[in-house]
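Working notes, beginning with the structure itself.
The values are calculated or read from the model by the stated rules, or taken from the named source; none is laboratory data. Predicted, not measured: the structure shown is a model, and the values here were computed from it. Here the Cβ positions follow ideal geometry from the backbone for every residue, glycine too, while neighbour counts run over all protein chains shown. These accessible areas exclude ligands, DNA and RNA; they are computed on the full protein's heavy atoms, side chains included. Shrake-Rupley method; radii C 1.70, N 1.55, O 1.52, S 1.80 Å.
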Amino acid sequence: MMQAMDILELAKAALALFAIVDPVGVIPMFLLATQGYTLAQSHAAARIAALTVLGVLTLFAFLGEPLLTFFGIRLAAFAVAGGLLLLLLALSMVQARVSPQRQTQDEAVEAEERDAVGVVPLGIPLLAGPGAITHVIVAASAAKGEVLHQTALLIPIGLVALSVWLSFRAAPVISRRLGKTGIHVVTRLMGLIIAAISVEMIADGLGKLFPGLLT
């Protein structure tokens with residue numbers, strides 16, 4: 001039976017992952033990418049994007065640490081690098097603009113010409129991008145090989161994928177109700193949360209790489 005602390009950690013992982021993926025903030029890109037779609041096609045794109053997020057993050061939850069081991073990368077070093085990447089993402093979100101780490105200008109233009117927008121660029125890299133992948137790998141590695149705890153990470157991953165599907169299904173309504181200003185406010189709030197998470201990741205990684213910093 002999972003202890004209360006485990007449940008708390010899963011809740012924190014779900015909230016952090018939701019902030020990083022930020023499905024509400026991606027709604028304008030979803031509406032742009034699916035412009036001219038029928039309702040059925042739009043719903044299909046939402047479903048594919050959610051399944052892509054679920055599949056990619058689940059894959060890295062189980063294979064992320066073995067990949068780091070294969071390349072000889074210490075988790076602490078990866079946490080620092082990932083924290084810096086998340087900080088760049090957070091700074092872009094606070095300014096209510098799409099970070100180059102999530103989507104370049106060329107990818108944005110190409111997205112308008114693609115049919116499978118649910119996979120690329122919506123699923124990857126806008127939603128399940130480097131920031132989300134980094135967070136999942138670090139969270140899974142913290143389980144120290146405990147398969148039960150790693151499997152439990154499927155709960156926050158599944159919840160975030162569900163939030164993507166619901167947000168995109170209701171994208172027109174949310175966009176009308178919140179407007180650009182409302183969506184920007186949500187994005188900025190998520191950016192602040194991600195900035196705090198990134199600083200914690202960097203501090204924790206540096207503390208493990210250089211134990212003398214903690215004394």
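Things to note:
- Contact map, the range 193-215: first residue of a type in the set (Gly, Ala, Ser), second residue modelled with pLDDT of 90 or more and open to solvent by 60 Å² or more (accessible area, probe 1.4 Å), Cβ cut-off under 9 Å, separation 6 or more or different chains; pairs are Ser198/Leu84.
- Among the conditions (1) closer than 24 Å to Ile48 by Cβ; (2) basic (Lys, Arg); (3) free of Cβ contacts under 8 Å to residues at least 24 places away in the same chain, the only one that Arg169 does not satisfy is (3).
- Number of residues in the range 142-182 that are of a type in the set (Val, Ile, Thr) and within 17 Å of the chain's Cα centre (by Cα) equals 4.
Table: residues versus (1) open to solvent by 20 Å² or more (accessible area, probe 1.4 Å); (2) of a type in the set (Phe, Trp, Tyr); (3) assigned to a helix (DSSP H, G or I); (4) at pLDDT below 90.
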residue: Gly131; (1), (2), (3), (4): no, no, yes, yes
residue: Ala139; (1), (2), (3), (4): yes, no, yes, yes
residue: Ala143; (1), (2), (3), (4): no, no, no, yes
residue: Leu148; (1), (2), (3), (4): yes, no, yes, yes
residue: Pro156; (1), (2), (3), (4): no, no, yes, no
residue: Ala161; (1), (2), (3), (4): no, no, yes, no
residue: Ser175; (1), (2), (3), (4): yes, no, yes, no
residue: Ile197; (1), (2), (3), (4): yes, no, yes, yes
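- Residues satisfying the stated conditions in the range 16-46, i.e. surrounded by fewer than 18 Cβ atoms within 10 Å (Cβ to Cβ) and either in contact (Cβ under 8 Å) with a residue 60 or more places away in the chain or in contact with a Pro (Cβ under 8 Å, 6 or more places away or on another chain) (or both): Pro28, Leu31, Leu32, Gln35, His43, Ala44
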